[in-house]
Every structure is written in structure tokens, then in C-alpha cells.
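Read-outs: derived from the displayed coordinates by stated rules, not from any lab. None of these values were measured; they are calculated from a predicted model. Neighbour counts are summed over all protein chains in view; Cβ atoms, including those assigned to glycine, are modelled from backbone coordinates with ideal geometry.
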Amino acid sequence: MRVLPSGSTALLVELTDLDEVLALYAALEEDRPPGVVDLVPAARTVLVVTDPAATTLDAVEAAVRRTAPRPGRRATAEQVEVPVVYDGEDLDDVAAHLGVDPGEVVRRHTGTEWTVAFSGFAPGFGYLTPADGAWDLPRRPSPRTRVPAGSIALAGGFTGVYPRESPGGWQLVGHTDLAVFDLSREPAALLRPGVRVRFVAVS
Amino acid sequence: MSVLTVLAPGPLTTVQDLGRPGLAGIGVGRSGACDRASAALANRLVGNEPGAAVLEATLGGLVLRAEADLLVVTTGARCPGSAVHDAPGLLRAGTTLALGTPPAGLRTYLAVRGGVAVERVLGSRSTDLLAGLGPPALRAGDVLPVGPPTGAVPGIDVAPVPDPPGGEVTVRLLPGPRTDWLTAAAQDVLGSATWTVTAESNRVGLRLDGPRLERRVSDELPSEGLVRGALQVPPSGAPVLFLADAPVTGGYPVAGYVADDDVDRCGQLRPGQTLRLRR
């Protein structure tokens, strides 16, 4: 664990891989040190955001270093099923990259359990990691200016669901009618860190 | 319910409060007033709770009509036409308050006793322009509800605070997580150069023009969390200083941070103004 400075209100904890991130994030989320107002998990780091009126960075760093990571622990036990029409524009490219046919991409994508590791990019956009399988796909050489809401996409070992129309560089394999981010619903975001996800092929 | 009617929004006026801390887990940033100190002062002067919503006008231009007698105040950038700047006063029913263009500073905060009571989104009334959350920017004809008074009015005639300056501004520079991704020379340049705020700046951040910052490490950085004050160095070498509507994570190295207390003053910088970062 390396604790890197991030100005006067935050610390960036750098770890060796995503598993370590999730283990530390689960522990900190379950037992937040006093004065910590937000936690931002990412691929290799957890940003710990403090309220400087309530604590000091030294106290928070000491608390983080004392925290025992909880491997295998999840922030929630919730499971979500996402119905997908596998008609994405990049499905053939993804299949070619993995050296299989498009049907096998669908079988693998629906055949494994995915877990929301962290969020970012847009409200409700979760980065999902697979329980098994190699999904190390590159981004598109040039990002699309408009990716429709509900697009199911792959890149860099992750899969994700675009919560709303936006630019995007991930490979599109399908779409869902399920609203993954809906402000009229509680909770608004379906794909929160720790939630397990199954993709189900529909036509 | 007493209300304010928007006759003209000026270049950009949004509703802002303390924002949405604690929601980074679902990819939602904090947002809130760009100049938190000025917004907090405005609320205090009309006896509001710290979390009450105010209006954030960018380069003045906001024209409001009171539909009831309302206690109001403006803070931050001083606009001609505001007789209530840093000095709360009654806006009588049927009368208008018209903010001219401030000679210095960028953002003016208008607080009304009781607070602007538009609907909350995810616990806050702030407009987050990057995430597309919260109420839309104000338009002519909007009718803004005003909440019930919550606290005592402090009875201050004029708050003795300095106006945002028009010239060069110096703020404190602190280490960032990837300071060492810059060459040693570039690290020195960051803290010694004169940076000019460009016109491509907004509530998300200030795009700064100055000497190109050379990177020592050119690896791809997996996205990592950041907060306001972060100085991010994209491949162009021209740094971005993030403000209230900063993204939750960023994929370019953060080479330094402006001290949080000083970020408020950065939120008052106009295009063309210069900024120095001092260690």
C-alpha cells in the first residue's frame, strides 16, 4: 500500500490490483474512519475524501493503514439480471479479437457472473469485472460521439452499461431496455459497487 | 409560497448548495457552489442554514422580480445594480433586482431568506453541468419557490469582505499523487510560471495556458479519483484546474493540487486573468 498526497482534503491509496482495491474499499465502507466524507474506488486506487473541519489527513492515513482489508467481502449482496439483445455494432470485431464466433461471445458474456467493481465516467456507469474469462479488449481506435443509452460495452477487461446517451470508446456488443440509472427510483443506480450481475440474452 | 420570477438569466445562472458529497460510489461528483465561501456568506447574512440553495450568476446579467417582500443579499463578484451586495436588504414585492456585469470576479451569489426551494435531486439542489444532474440552468420566465425562514437574521448591515480581485491571483500549490510523473524541470515550471485562464473554462475546471509541462512518465494511467483543486496534466501539457463540477475520476496524471481553501478564489477567475501557484 502506498499513500499518495491529493491536496489538503484527500489521500490517494494505491494498491497492486483491483482485488486489493475491493478488499480495502469494502473494509473502509463498512467502518468509515471519522471525518471521511467519500470513498472513490478505481482500478488500482481508493481516494479517501475527508472533511478537514472534522479530522486531519494524518489521522485518516493512520486509520487507513490500521484497516484490515476484507477480501471477498462485498459492499452489498444484491444481484441484478440485465436482459440484453446482442446486436451491437462491434460484436463481430470483439469475436475476431477473442478468436471465437459471435455466438461464443454471447455464451461467455451471459455465462459468467460479473461484479460491479467501481463507478465513474457518468452517474450510474459501473465498471463490471468477470468471475472468469479473458475479456482484455482494446477501446475503439476513435471513440464514437454518440453511444445510445442502454448500450452494453466491453473494454480493458471490464463490461459496462451506458446509463444515458454519451460519447464513448468501448466496444458495443448489445443493448438493454433496463434503465440502469433512474432518478425516480430508489436507489437511482442499479449497478453499485459490490452488486453481482448476470446478463441474459433476449431477442 | 413566496416566489422569485426570473426575467433574464444572464450568460449562465444555476441553483447551487453544498452539493452531493458521498455519492462517488455511483459515479456522482460533489458539485455545489464554485466559490463556497461566498455562497456560505450569502446564506449567513440572510439567516439561512448552511445547506440552503442560492443562485450562482456568471458574469452578472441576472434579473429577478420579487413576488413578495423578500430579504436578499448578493456576495462574490460585485455587480453594478445590486444595492444589497454584502449588505442584506428587502426586495419589495413587485420590484426587480438587475445585476450588471461585474468589473472584477466572475460569480455572484444571490441568497434569499428561506433559500431557493426547487426540488432536490439525489439530496441536493445543485446543478452539476458535467454529470447533467439537478435543476436546469435558469431561463427567462422561470418561477423559483422560496422556502420558509429557518434561522435568525444576524443583523449585520455590511459584511467587511474584499471583492474578488481583477489582476493576478496567487494560490497555494500542494503535492498531487502523480507530481513525479512530470520532469523535475516541469515540476519547477508548475510552481513558477504565470498561468493564463483561457475562455474554455467553466464550472468543471479552468483550462490554463502557459509553458508546456513535459512528462517524465508517459504510461497510460488507469483512471483514479480526484476532487476539486486537482491540477491534471493531459497529453497536450496544458494543465486543467478542476472546480466544483470535477469528474469523480480522471485518466490523466494529477501533478498538484490547489489548497482547498484557495479553490474558491480560483472559481472567481475570468478568462484572461493570470494565476500563480506557490509552494
Taking only Cα atoms, what is the 0 to 90° angle, nearest 10, from helix A:18-30's long axis to the longest principal axis of chain A?
50
Rounded Å value of the spacing that divides the Cα centres of region B:174-221 and region A:150-203
34
For the pair residue A:31/residue B:192, report the inter-label distance in nm, with labels modelled 7 Å from Cα in the Cβ direction.
4.8
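With +1 on each Lys and Arg Cβ and -1 on each Asp and Glu Cβ, and nothing else charged, work out how big the dipole of region A:45-203 is about its Cα centre, in Debye to the nearest 20.
Working: 16 positive and 19 negative charges, 100 e Å.
Value, rounded to 20: 480 debye.
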Using Cα pairs under 8 angstrom and six or more residues apart, how large is the relative contact order of chain A, in percent?
22
Of B:101, B:132, B:87, which is farthest along the charge dipole of region B:78-140 in the positive direction, counting Lys and Arg as +1 and Asp and Glu as -1 at C-beta?
B:87
Calculate the radius of gyration of the Cα atoms of region B:147-279 to one decimal place, then report Dmax, the largest Cα-Cα distance, as a whole number, both in Å.
16.9, 57
Computed over region A:146-193, Kirkwood Rh from alpha-carbon pairs, angstrom:
11.2
Any idea which of B:201, B:235, B:151 is furthest toward the positive side of the dipole for region B:145-279, if Lys and Arg beta-carbons carry +1 and Asp and Glu beta-carbons -1?
B:235
Would you mind working out the magnitude of the charge dipole of the protein assembly as shown relative to its Cα centre, with +1 at each Lys and Arg C-beta and -1 at each Asp and Glu C-beta, to the nearest 20 Debye?
880
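Using only the C-alpha atoms of region A:20-126, find the volume of their convex hull and express it per residue in Å³. All intermediate terms of the calculation are to be shown ahead of the outcome.
On the way: hull volume 14.9 nm³, N = 107.
So the per-residue hull volume is 140 Å³.
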For region A:1-107: relative contact order, % (alpha-carbon pairs under 8 angstrom, 6 or more apart)
24
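Kirkwood-based Rg over Rh for region B:69-162 (C-alpha set), two decimals?
Working: Rg = 14.4 Å, Rh = 14.9 Å.
Checking Rg against Rh, the ratio lands at 0.97.
Which value at 222 nm does the protein assembly as shown reach when only helices count, each DSSP H run of 4 or more adding -39,500 (n - 2.57), with the total divided by all residues and rounded to the nearest 500 deg cm²/dmol?
Details: 7 runs with 67 residues, N = 482.
Helix contribution divided over all residues of the protein assembly as shown: -4000 deg cm²/dmol.
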How high is the relative contact order of chain B, given as a whole-number percent (alpha carbon pairs under 8 Å, six or more residues apart)?
21
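Between residue A:183 and residue A:89, what FRET efficiency comes out of the Förster formula 1/(1 + (r/R0)^6) with R0 = 30 Å and r the beta carbon distance, rounded to 0.05? Before the final figure, lay out the partial values.
Working: r = 29 Å, r/R0 = 0.95.
That gives a FRET efficiency of 0.55.
What is the order of A:67, A:145, B:14, B:74, fewest Cβ neighbours within 10 Å to most?
Numbers: A:67 18, A:145 8, B:14 28, B:74 31.
Fewest to most other Cβ atoms nearby, the residues stand as A:145, A:67, B:14, B:74.
For region B:23-89, take the convex hull of the Cα atoms, compute a quarter of its surface area, and give me that in nm², please. Walk me through the numbers on the way to the answer.
On the way: hull surface 22.9 nm².
Mean projected area of the Cα convex hull: 5.7 nm².
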Cα-based equivalent ellipsoid, region B:97-217: semi-axes from gyration tensor eigenvalues, Å
38, 20, 16
Can you work out the FRET efficiency for the pair residue B:101 and residue A:53, with r the C-beta to C-beta distance and R0 = 41 Å, to the nearest 0.05?
0.75
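Applying 1/(1 + (r/R0)^6) with R0 = 30 Å to the Cβ-Cβ distance of residue A:136 and residue A:81, what FRET efficiency is obtained, to the nearest 0.05? Present the calculation step by step, with values, prior to reporting the outcome.
Details: r = 25 Å, r/R0 = 0.84.
After rounding, the FRET efficiency stands at 0.75.
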Compute the long axis of helix B:36-45 from its Cα atoms, compare it with the longest principal axis of the Cα atoms of chain B, and write down the angle in degrees, 0 to 90, nearest 10.
20
Could you work out, for the protein assembly as shown, what percent of all Cα-Cα pairs fall into each 20 Å distance bin, beginning at 0 Å and stopping at the bin that holds the largest distance?
23, 51, 24, 1
Size of region A:54-187 as Cα extents on the principal axes (Å, biggest first):
52, 34, 30
Once the mean of 1/r over all distinct C-alpha pairs in chain B is inverted, the Kirkwood radius in Å reads 19.2
